[in-house]
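Read the figures in this text as sums done on the coordinates, not as results from a lab. Bear in mind the structure is a predicted one, so any value in this text is a computation, not a measurement. Glycine also receives a Cβ, built like all others from the backbone with ideal geometry; neighbour counts cover every protein chain displayed.
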Amino acid sequence: MHTLDAMKPTPQIAVVGGGPAGLMAAECLARAGLSVDLFDAMPSVGRKFLLAGKGGLNLTHSEDGPRFVSRYGAQQGAVAAWLARLDAQGVRDWAEGLGVATFVGSSGRVFPSDMKAAPLLRAWLHRLREAGVRLHMRHRWIGWTEDGRLGFEAPSGPVQTRPAATVLALGGASWPRLGSDAAWVPLLAARQVAITPLVPANCGFDLAPTPRAQAGMGWSAHFAERFAGQPFKSVALRCADGQGGWFTRKGEFVATAGGIEGSLVYAASSLLREEIARNGQARLWLDLLPDRTPEQVLAACRHPRGARSLSSHLKSRLALDGIKLALLYEVLAPDTLHDPAALAQAIKAVPLALAAPRPVAEAISTAGGVALDALDAHLMLKAMPGVFCAGEMLDWEAPTGGYLLTASMASGVVAAQGVLAHLQTR
């Protein structure tokens, strides 16, 4: 049995979890002069951070404050308090301090100048080590011992430590192969910590069968074989917002073998997921030509086509072909296809029914986790003084676009400042 309770000149703080929230908490604590040990079950830290940045690391977003905060939905009030400690500009300034310049893309998203996650993470780890943070890799947290120590399984055998305070930043349940496996849920539940069930966020969905689908399939075999993996570009998605209104967003997404996924779908995923939970299915409507008015589409559909096929007519008059044209044949009845008014209406609102979100392990992130009312304003567990929680293991969610990363890092700052306040009261 190995212990980490050697005499130290300053209070020892344990940070459990080496994602963005845990790393940010460790940085703030070390900068305040505390002795920080960071534990992670994986061989290296920031694995999900690196994978998320594989196609270009989206650090944050350039939207103004009120609009930025609105992206957090039902929990925007709580998240706004975190962002008051570290907002989007604060994240950019932090990156600049690591020697990583940033820029705003055409979508408003903020990226490192070289688009890469690895150089930023290397600079971050260098700064943490220089500040004295000790990294303990392959240390899987297994809860508390009977006498209140933190217990870990490590390659060298069991490890125990009794820190002055603990920050848990253990992630949700998405991408478990990278370390976020939600193994912490029963450990906290056993300590009477309220936990909302973890569900997929920023996720794809399985389709309810289209009219041409075979049994047990979402798309027809023909559509799935030809178009799975192909994008719907420049479309608009509309669905109910759960409050008597409508959510509408323009963008793009991808057809999968049995459903849909991609940035436009992720933006609406919380609404679609909740509608499925309420009603067993969710409905959405796709505008295949959002840059054309209904009148323009109707005029094109009514234009005489002579001997041309409907497919050729729609391609020449409306530039509808490929996956968009195939979707019309997949979903619409023959009578609708050959009725110009009904066809024009459908092109501006193709209906799709969704049967279920994809499994949580496939999701980009999760909703649910430690209930926010189980925490005080400093993110300390009310049931466990001295234990703080941060990041995706808390019950909140955000769309893609830099919002998730920004708020995760901000929550790490809040938890670290909470540790400092807690130590002062002691």
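Plainly put, region 104-160 has a radius of gyration that is 1.24 times its Kirkwood radius, both from alpha-carbon atoms, as the Rg/Rh ratio.
Pairs Lys315/Lys348; Lys233/Lys315; Lys54/Lys250; Lys116/Lys324: which are spaced more than 22 Å apart, C-alpha to C-alpha? Flagged as over cut-off: Lys54/Lys250; Lys116/Lys324.
Ranked for footprinting exposure by Cβ neighbours inside 10 Å, fewest first, His136, His338 give His338, His136.
As an exercise, identify the trypsin sites (Lys or Arg not before Pro) in region 301-351 lying in DSSP coil whose Cβ has no more than 16 other Cβ atoms within 10 Å. Intermediate values should be presented prior to the final figure.
Numbers: sites: Arg302, Arg305, Arg308, Lys315, Arg317, Lys324, Lys348; in loops: Arg305, Arg308, Lys348.
Here the trypsin sites (Lys or Arg not before Pro) that fit, given the DSSP loop and packing criteria, are Arg305, Arg308.
Note on region 287-354 and region 38-76: Cα centroid distance 39 Å, given to the nearest whole angstrom. Backbone amide hydrogens, once placed in the peptide plane, bring Leu207 within less than 5 Å of Gly259, Ile260, Ala355, excluding anything fewer than 5 places away on its chain. Under a 5 Å amide H cut-off, with hydrogens placed 1.01 Å from N, Ala165 pairs with Ala14 among residues at least 5 apart or on other chains.
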